[in-house]
Amino acid sequence: MAHRKKNRNVGIIGIGQTKYSSHREDVNQPEMIHEAVSAALKDAGITIKDIDCIVHGNMELFEMVHQPDLWHVLGTGAYGKDSIRITTGGTVGATIGCASDNLVASGMYDIVMAIGFEKLQEGHTTGGITNMADPLWFRNLQTGALTGSKAYDVIREFGEERAKRVSLMYRIIMDKHAGLNPLAHRSFGLEFEQIDDLVRTSPKLVGDLKLIEMCSQSDGACAVIYAVEKKAKELAKTPVWVRDHITVHREETFVMFGYDEKYPVPMTHRFAAEQLYKRNGIKKPLEYFDVFEMYDPAAWWAVDWLRDFFQLKGDEHLKLVENKEIMIGGKMPVNPSGGVIASNPIGATALVRIAEAALQVRGDAGKHQIPTPVNHALASGFGGTMWTVLTMLEKELNW
């Protein structure tokens, strides 16, 4: 990592994604994964023979297929190769990205491919989530990924009317971004004039968390190829360099509540951001980064987390949304891809954040490309019992 020089620098040289959809009945799991793998290999200009190791990730509990990486060899091309399977909840995609970077930086391999996927139509995601925790000690988890606690926190701090409008504004901005991304699952063509109507009419899931504000369940796969510096420069016209990443888990002291003065339990995203910026000498993250691909499971959480990820004070994070500064072309574009709210193939979701951030750095994001140069990108992953993963990507090797 940057706080202690890497053994070897690592660059992203290939990116492949499928179309994200509620149902991919036209393909089985290996076939769907093969779409992303083929696209990544083509993007990198290499073949499967050039890959030294494959890191595979998904939530096998959701599809209820044990050790799916063995079956998926038909689509991953991992036959006869070193292969590692990783499952860490919603953070899976980010974790396999970190692992791939570490495997190359360590000197174990020169080229590693990370593959994340989910085919949620074939399992029962909610059933999997609600049965993975002890029903007595972890009662608060039994609603699965649904929680209205963040809406309660924002409303309590900033007032009901403003809080609800900001949440819906964030949601509409994500929808507008998704409308530019041909791979996005959900794009409704929402307009800002609909905010008041959506506040009033959108069905509620839990508390003030509304259906329109919650992420989807999607089918899809993503593959990202990591290479050692020498090969990255040889193979890629514009390699995207992995500067640093951090993983913060806090399962053993899990609480559903954030930081307060009486009981100071900092949330993992706040702690992760503080540590990452400190060890990389970044004092003003809002000015340093050009794009942020955030794992935003719901609009309420996304709005609240902006403050901690960018070390903001007071209501500065709300103003970023209200002034539309998080839109493409704004001061801090957030999720030009449409984010998790638009597409959520859980095992791939956090890897998609890295992939989309890398595309922005390369200038290859197509219609949802940011119009200004992208030199520094941040991507986040979230999952499990409030786990956070952050990855920093750079256009130049200048740290």
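The values are calculated or read from the model by the stated rules, or taken from the named source; none is laboratory data. This is a predicted model, so every value here is computed, not measured. Quick reminder, even Gly has a Cβ in these numbers, built from the backbone with ideal geometry, and neighbours come from all protein chains shown.
Among residues of segment 143-161 being in a helix (DSSP H, G or I) and in contact with a helix residue (DSSP H, G or I) (Cβ under 7 Å, 6 or more places away or on another chain), the one that is modelled with the lowest pLDDT is 150. Scanning segment 179-206 for residues that are of a type outside the set (A, V, I, L, M) and closer than 9 Å to residue 338 by Cβ yields 179, 181, 185, 186, 187. Residue 286 versus (1) part of a helix (DSSP H, G or I); (2) buried (at least 19 other Cβ atoms within 10 Å of the Cβ): which is the lone unmet condition? Single failed check for residue 286: (2). Taking segment 87-119 as the range and being polar (S, T, N, Q), at pLDDT below 95 and farther than 20 Å from residue 357 by Cα as the test, the residues that pass are 87, 88.
Of the residues that sit in segment 22-53 and are surrounded by fewer than 20 Cβ atoms within 10 Å (Cβ to Cβ) and small (Gly, Ala, Ser), which one is nearest to residue 358 (Cα to Cα)? Looking at the filtered set, the residue picked out is 39.
Conditions tested, residue by residue: (1) within 23 Å of residue 241 (Cα to Cα); (2) touching a residue at least 60 places away in the same chain (Cβ under 8 Å); (3) small (Gly, Ala, Ser).
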| position | (1), (2), (3) |
| --- | --- |
| 6 | yes, yes, no |
| 10 | yes, yes, no |
| 24 | no, yes, no |
| 42 | yes, no, no |
| 47 | yes, no, no |
| 85 | no, no, no |
| 97 | yes, yes, yes |
| 111 | yes, yes, no |
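Of all the criteria given as (1) closer than 16 Å to residue 75 by Cα; (2) surrounded by fewer than 22 Cβ atoms within 10 Å (Cβ to Cβ), the one not satisfied by residue 8 is (1).
In segment 62-84 there is no residue matching the filter, namely being in contact with a strand residue (DSSP E or B) (Cβ under 6 Å, 6 or more places away or on another chain), assigned to a helix (DSSP H, G or I) and aliphatic (A, V, I, L, M).
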